[in-house]
Each structure stands twice: as structure tokens, then as C-alpha cells.
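To start, the structure under review is shown below, and the notes come after it.
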């Protein structure tokens, strides 16, 4: 284990000492197993979604694909209106919601980061306090349904997640790292605060915006909770809630089956659940490799204490 | 956060009108967020009066008649709140302890791995579960643990064992829930720690290597101590929410099985059932108030303790 006289240049190269070998073996085994464990369920769902229904009923969900059929996907899209509508709702809410939430977080964060703004501490605490104490689910729910008429309105899917105190704190600390001289010199040149925010600060916040957009888009795309609370009209369902309903009740699937004019016993209910899961997850996972780079960078930003 | 001296504060107060005129646009830019927080956080805070009222639709939140502590007495008689509270705390404690262990452990191991490609690929896989909704996670549970067709029993049957009905075995649920939580969150959490490790001064490690330390010692005496501040922030935040459960995790996996209730009911699912299924607004508001007050006390207590021991780690 003793280190021989090491030439400084060799330090950057990995030296295979016994401890390095041990720790790498441990790392490969543990990390490798865990990574496979993370991937495995996705594999299982894909396999189940391409297995014919008869085989699913007979043998259960398979470990290894034996037969191949796109029957389940075909049925998912046989009656495309409701799936497409759910897709449309989710995409619309995700786009609008992400834009609004990033805009609010950066604009609020910018004002709170301005050292010459006299009430920044007061307002910072005003926002922060809401993370310490809340009225609970019921008064909030009453507010939304009774006084803001959330039931069956699209804004019920956007407003609840439009502003996040944590995102604002992240934005504040990121923007606080931008030299104040930029704001000051622009003020001397006669620019107003909003122009400075829009024209000078925003272009310097690309990593921040990428991170916040990703967090927000993920939250809106994966939301089923607000849909469950506020939507009773099927045309207002978003993708995740549509999936939840499909997974949950056989009754809901009977309706789908009847609409598409297929005998009940031959309806690939089991496979359809899995196919729908893939359809509902798909886009966000496909997007994943592209955003991963930003995500890791953004988490570094997010980890900074506000 | 509050560093300005009393002198400048007096000065500020004296010139409120002046400040308003000078910074009016900043106030306007702050306005949307302020209005939002007032509507969705501060006004609902006044709605906690519902906990002491008999809700009537005509009267709404503020004009329904008072009924004293009747809602709380109802909870005492129903007797489920204690169980839900215990479950919430125990699950959260397990999440905190195991979460820190797994996340920090994977971050340290990932950092020590020699192969960059393996590191990147495994990170990609570990991150994947973070991207899916709890609904999809519920579908995964169904695929694996479904009694008749699940993959788990598929394997058990193939090996000649007796199939296991998870949905009729409350005792197994704590393990399943904890496993699912770790599965979904470890990849994300480990990146936070990994970012903290990458931010460390590499010369420290080089100097320690020259001094003849081995990899274990460097982890023990350099890496782990430098991760403590990150850990403290995350743990403190988690402790502040120890009475708040992850609603999606429990709701989407347990569904509404009465048999599993003793092992899986948390405060959040209990409030939800009282409100949505039973429509018992006063009682569910009482549970909500109970939860909020407990959370408020814990976070302040935890922060106060941390402040006394090590002020740098305090949240506020």
C-alpha cells in the first residue's frame, strides 16, 4: 500500500494501487447493479407492450420477449381523439406553464437580487415564509374551487404550479452572481429596470433558464394531481391522468373498447395498459439525452444555498 | 438575509415614499409574484379557521358557524391520525437516512470510477426514474407485483415457489415503498453530491496522495467532510417536511386498499380521503392545521439547533 516516490507528472494518471482497484470493483458492481435496476422496469414495460394479449393472459408479463405484436399500440390509437386530446392538453399546459413559471421566477429573482432595492429582505422573507407555514390542503382547495372557479378550466392545471419559491431562490442566487456593474452602467445610460432585466440579464442566464425550464416542464408534464382535483370533464384530462384512469379502472377501459367496437374478451387490456404507459412517458424520455447535459449543470446551480 | 443595521432601517422607513417613486418599476415587477403568494398562500392561511368550524356551503370559509374543538374530537374518536402520523414520520426517517447513504455513496463511488464512459452511461440510467410521473411508477409496480401476471411471481413460479400477493401483505409494504423511493430519487440526489465533489479543490487530494494516504482515507477525511454542508441543507429541509408525506408515491401505488392502510396511510393521504371521498371539510382542515403546525415547529426547532451547533449550516 505504500506509495513509492511519485513523479508529479504521473499524478494525473490513475495509479492502480490496491485501494484504487478495490474501490473501482466496488463501484462497478454497486453502480452497475443499481443502474441496471433503474433501467430494468422500463425494459419490462416495453416488452409487455409488444407481447400479444393472449400470451399476456396465458403466461403473465414476460421477462424475455417471445412473440411480437403491435396490437396493444394499435388499440391505444384506434380511438385516437381522447389520447390525442390528452396529449394536446399536456403539451399546451406544459408550454404555457413552463414559460410563465420561468418568467416569474427570473423576474422576481432579479428584483430580489438587486442590492439597491431597499425592501429585498422583507420580500425575500415574505416569499420564504410560505415554505415554512401553510394553511394546508383544504383552505387552498376551497380557494381554488370556490373563489377561483378552477373546476374544468385549463388554468387549473397551470396556476397551482406557476410560481415556486425555491425556483425564485435559485434564480436570485444565480442572478446575484452577475456583476452589479451591468445594472448600474445601464441605469446611467438611462435604461429602465424591466429593459435591463429583459435585454441584459436574461441573455446572461442561459444555464439558469435551461435548468428552471427543465424542472418546470417535468412538473407540468408529469402532473396528474391537479387534474384529479379539478377536472371532471373528460375532454380536459391531461396525459398522466388519462393514464391513471386507464390503469385504475376496468370500467374506463370497457368504454374505450366499446367505442372502438371490439368484443370485450378480446380487448388487449393488459397490453394496452403497458402500451399507454410507454405512450405517456415517451416524449419526456426521448428528450432526456438532450437535456441531461443542462440538467447536471443546473443541479449545481440548484444546490447553491439561496 | 437580515444584515442591515438598525440605522439604515430607520433611514429606509423615513423615505418610503421616496423609495416607491425611485423604484416603482421594481415594485411592479415584483407584483405578480406577490399577488400570487397572497392568493395561493397567505389568504388560505386564514382558512385554517375552518378547522374550528362546521362548514356550510352557504357560509363558505368565513361565515360558517363555529363548532369549537368538535373537529379535533372527531379525529380523536376516529383514531387514525396517530397511525398516519407515525407512518409519515417513520417513512420519512427511512427516506432521509437511506437517501443520504445511497446518494452520497453513489456520488463517491461514481467519482472514484476510472472509466468515464461507464460513469456517464450509468448516470444516465440512474437518472431515468426521476423523469417519470408517479402514475407511470404505479404502472411499473403493477407490471412487477401484480398477483396473477406480475413479473415477480412469474419468476417465483418458474423457480417452483409459492406466488406472493403483495396487495394482501401489509407487512411487505414498507420495504416496497422505501425501495421505490430510493429507485426514483437516488440518481437525482447523487448528482447534487457529485456536483459538490467536483467543486472541491483537486490539489487537496493530490497533496493527500503525496502524503501517502490511500483512497479510503481520502474519502474518509476529505470527501465526506466536504459533503457535510450539502448534506446538512438537504437533511434540514427534509426534517422540516417530516410530517409531510409524498402523496403521489403512496396514492399511486397503494390505491385505496383498506387492508394496506395500517402500513401505508400517511397524513397526506388521510387528509385527501377526508376531503375528497368523505367531503368532511372541517375535519380535513383540522388535520391540515395539525400537520402545518407540526411542520412549522419542527423546521424552526431543527434550524435553531443547527444554528447553535454550526451557524453556517442553518437555513435562515
Exercise. Evaluate the following for residue A:57: is it in a helix (DSSP H, G or I), in contact (Cβ under 8 Å) with a residue 60 or more places away in the chain, crowded, with 19+ Cβ neighbours inside 10 Å and at the interface with chain B (Cβ under 9 Å from one of its Cβ atoms)?
Key: no
Self-check item: Any hit, the stretch B:202-209, residues being surrounded by fewer than 20 Cβ atoms within 10 Å (Cβ to Cβ), away from chain A (no Cβ under 14 Å) and over 29 Å from residue B:93 (Cα atoms)
Solution: no
Quiz item: Of A:209, A:158, A:196, which residue is modelled with pLDDT under 95 and in the same structural domain as residue A:228 (by TED's automatic domain parsing)?
Solution: A:209
Exercise. Kindly indicate whether residue B:237 is under 22 Å from the mean Cα position of the chain (by Cα), within 13 Å of another protein chain (Cβ to nearest Cβ) and more than 28 Å from residue B:296 (Cβ to Cβ).
Key: no
Self-check item: Among the residues listed as A:103, A:166, the single one being more than 7 Å from chain B (Cβ to nearest Cβ) and either in contact with a helix residue (DSSP H, G or I) (Cβ under 7 Å, 6 or more places away or on another chain) or at pLDDT 95 or above (or both)
Solution: A:103
Practice problem: May I ask you to list the residues in the stretch B:229-260 that are closer than 30 Å to residue B:109 by Cβ and either outside the structural domain of residue B:88 (by TED's automatic domain parsing) or not in a helix (DSSP H, G or I) (or both)? | Solution: B:241, B:242, B:245, B:246
Exercise. Count, please, the residues in the stretch B:263-311 that happen to be within 24 Å of residue A:247 (Cα to Cα) and not in a loop (DSSP other than H, G, I, E, B).
Key: 12
Practice problem: Only one of these is touching a helix residue (DSSP H, G or I) at 6+ places or on another chain (Cβ under 8 Å), at pLDDT below 90 and buried (at least 17 other Cβ atoms within 10 Å of the Cβ): B:234, B:274, B:259. Name it. | Solution: B:234
Exercise. Might you let me know whether the stretch A:111-120 holds any residue that is closer than 18 Å to residue B:47 by Cβ, free of Cβ contacts under 8 Å to residues at least 24 places away in the same chain, buried (at least 17 other Cβ atoms within 10 Å of the Cβ) and within 11 Å of chain B (Cβ to nearest Cβ)?
Key: no
Quiz item: Of the residues that sit in the stretch A:185-198 and are part of a helix (DSSP H, G or I) and more than 14 Å from chain B (Cβ to nearest Cβ), which one is surrounded by the fewest Cβ atoms within 10 Å (Cβ to Cβ)?
Solution: A:188
Quiz item: Looking at this structure, is residue A:283 more than 10 Å from every other protein chain (Cβ to nearest Cβ), farther than 24 Å from residue A:170 by Cα and modelled with pLDDT under 60?
Solution: no
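Scanning for something touching a residue at least 12 places away in the same chain (Cβ under 8 Å), over 29 Å from the mean Cα position of the chain (by Cα) and surrounded by fewer than 19 Cβ atoms within 10 Å (Cβ to Cβ), does the stretch A:90-109 turn up at least one residue? It would help to see each step written out before you state the result.
First, pick out the residues of the stretch A:90-109 that are touching a residue at least 12 places away in the same chain (Cβ under 8 Å): A:90, A:92-94, A:96-98, A:100-102, A:104-109.
Still in the running and over 29 Å from the mean Cα position of the chain (by Cα): none.
No, the stretch A:90-109 contains no residue that is touching a residue at least 12 places away in the same chain (Cβ under 8 Å), over 29 Å from the mean Cα position of the chain (by Cα) and surrounded by fewer than 19 Cβ atoms within 10 Å (Cβ to Cβ).
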Quiz item: Within the stretch B:72-115, which residues are within 14 Å of chain A (Cβ to nearest Cβ), at pLDDT below 95 and exposed (fewer than 13 other Cβ atoms within 10 Å of the Cβ)?
Solution: B:115
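Against the condition more than 30 Å from residue A:111 (Cβ to Cβ), in contact (Cβ under 8 Å) with a residue 60 or more places away in the chain and within 14 Å of chain A (Cβ to nearest Cβ), how does residue B:58 come out, does it pass?
Judged against the criteria, residue B:58 is not a match.
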Quiz item: So is residue A:64 free of Cβ contacts under 8 Å to residues at least 60 places away in the same chain and either part of a helix (DSSP H, G or I) or farther than 22 Å from residue A:222 by Cβ (or both) or not?
Solution: yes
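Conditions (1) at the interface with another protein chain (Cβ under 7 Å from one of its Cβ atoms); (2) at pLDDT below 95; (3) in contact with a helix residue (DSSP H, G or I) (Cβ under 8 Å, 6 or more places away or on another chain), marked per residue:
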residue	(1), (2), (3)
A:3	yes, yes, yes
A:8	no, yes, no
A:13	no, yes, no
A:19	yes, yes, yes
A:23	yes, yes, yes
A:34	yes, no, yes
A:41	yes, yes, yes
A:44	yes, yes, yes
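The values are calculated or read from the model by the stated rules, or taken from the named source; none is laboratory data. Owing to the predicted nature of the structure, the values given are computational and were not obtained by experimental measurement. All Cβ positions, glycine included, derive from the backbone under ideal geometry; neighbour counts span all protein chains shown.
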